[in-house]
1. Would you check which residues across region 424-452 are farther than 17 Å from residue 398 by Cβ and either in contact with a helix residue (DSSP H, G or I) (Cβ under 8 Å, 6 or more places away or on another chain) or at pLDDT below 85 (or both) and list them?
2. Please determine whether any residue of region 450-463 is exposed (fewer than 11 other Cβ atoms within 10 Å of the Cβ) and over 21 Å from residue 417 (Cα atoms).
3. Among the numbered conditions (1) in a strand (DSSP E or B); (2) farther than 16 Å from residue 171 by Cα; (3) without any contact (Cβ under 8 Å) to a residue 40 or more places away in the chain, tell me where residue 130 comes up short.
4. For region 267-285, which positions are surrounded by fewer than 19 Cβ atoms within 10 Å (Cβ to Cβ) and in contact with a strand residue (DSSP E or B) (Cβ under 7 Å, 6 or more places away or on another chain)?
5. Where in region 189-262 are the helices (runs of 4 or more DSSP H), entirely inside, with at least 1 residues that are in contact with a strand residue (DSSP E or B) (Cβ under 9 Å, 6 or more places away or on another chain) and under 30 Å from residue 302 (Cα atoms)?
6. Say whether the condition of being touching a helix residue (DSSP H, G or I) at 6+ places or on another chain (Cβ under 7 Å) and in contact (Cβ under 8 Å) with a residue 40 or more places away in the chain is met by at least one residue in region 85-108.
7. Where in region 283-394 are there strands (runs of 3 or more DSSP E), lying fully within it, with 2 or more residues that are farther than 30 Å from residue 433 by Cβ?
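The values are calculated or read from the model by the stated rules, or taken from the named source; none is laboratory data. Given the structure is predicted, the values throughout are model-derived calculations rather than measurements. Cβ sites come from the backbone with ideal geometry, for glycine too, and all protein chains shown count toward neighbours.
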């Protein structure tokens, strides 16, 4: 696949120099054939500066989660103290695979006026091409030229975009191949099953485990009474004994490590750990399915009507008998309970792969009350000076417990105390002692918090009255993110002996 890009950008001030920044990706499958850049004074027409590949800087593109990868880029920064300038560039790259076709986004940056953009795609008809136009306003022309299919999209005078633009409102063209290859592995993406079949073929025969290891895991589950118990025992073994290391080298970005190598080195990326878990379950007679997902707490929804490479992560689906819901496993986590995916991969479409090809399905949403429950018990003791001690016990389940699990796992003692201080519903509370415990009941994650705190001037004194500060917790948008909330807050308020309550509210019930 050959990509040619020609750009002509007029930069009006120093704030626009970033629009002329050039970054060209390359790796094992992609090479840079040519780069030419010319900076011109549009008033005089004279060339100010020229640049070629040799003038570009080179750097690794390391994701914060990737330990080993071969992603690199060459880049060039335009510098100028004189404006306006015209930056004219020509780029050519060659790819040895057509597996991934980049989206075409005519307006590349905010605060940029596009006068004209044209995309021409030329391909052999037998390879095929699928596309989806999103908010395009221009023209599309299709024709056969020298036995090849040619499609031309053209956009003119698109409006200037600001940072508040939603992605769904952007002008985009999504492209996907029908027939494709990566290395020696050939596939067809006419539907989701075709992509799943290619992925299954890519990992074929990489599930073989050493005989002594098979004997060891069979011994682990000898007393298990059902498949769920076997899954739980092996999943917890994986979590305790294997660590996550992201590896994205060549076709290894899509093909898993051999299961035997993961056993040998005691680490793997999401593909390797998922494949090992799948192989362990196979060894004890439980079938499971390697599953592709677009992961991330705020991951974009995939385009269901355009089967294509839209995934960045792998999880495991374990079907159960008797019509029970499958067990989902996040094999890169060393803390989630068996069957709970958490917000990294919950409630989204995923591609399940198996020997028959595969299919699109959805992960659990965890949007019922059971997964969104919070119960707090609070004792508030007020002295004559208006100061108060507050003892709080909180139990949360499901999604809320996952947040507290992260607090326990990633924050030190001081940071945890600061977290509870800043998230207390009572402003100004100073926590003196606290305790945080994480547990689970089957796949349901639970967290228990207990803390004691002190607050000065908890009440406002008048001649005859103490007026309490607000102390009820707010219901935030984030708490309602799962469209479900079951919350109970109990308060026991102990007043000084000389005081008594007045104007206590009647019971208030609000159902919505």
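1. First, the residues of region 424-452 that are farther than 17 Å from residue 398 by Cβ: 424-435, 450-452.
Listed by number, the residues that qualify are 424, 425, 426, 427, 428, 429, 430, 431, 434, 451.
2. Yes, there is a match, as at least one residue in region 450-463 is exposed (fewer than 11 other Cβ atoms within 10 Å of the Cβ) and over 21 Å from residue 417 (Cα atoms).
3. (3)
4. Across region 267-285, the qualifying residue is only 267.
5. Values: elements: 192-202, 211-220, 227-241.
Correct list: 192-202, 227-241.
6. Just the residues of region 85-108 that are touching a helix residue (DSSP H, G or I) at 6+ places or on another chain (Cβ under 7 Å), to begin with: 87.
If we keep only those that are in contact (Cβ under 8 Å) with a residue 40 or more places away in the chain too, we end up with 87.
Yes; the residues of region 85-108 include at least one that is touching a helix residue (DSSP H, G or I) at 6+ places or on another chain (Cβ under 7 Å) and in contact (Cβ under 8 Å) with a residue 40 or more places away in the chain.
7. Here the list reads 289-293, 313-318, 327-329, 349-354, 357-362.
Residues checked against (1) at pLDDT below 95; (2) surrounded by 18 or more Cβ atoms within 10 Å (Cβ to Cβ); (3) assigned by TED's automatic domain parsing to the domain that holds residue 61; (4) in contact with a helix residue (DSSP H, G or I) (Cβ under 6 Å, 6 or more places away or on another chain):
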| site | (1), (2), (3), (4) |
| --- | --- |
| 8 | no, no, yes, no |
| 12 | no, no, yes, no |
| 20 | no, yes, yes, no |
| 24 | no, yes, yes, no |
| 29 | yes, yes, yes, no |
| 34 | no, no, yes, no |
| 37 | no, yes, yes, no |
| 41 | no, no, yes, no |
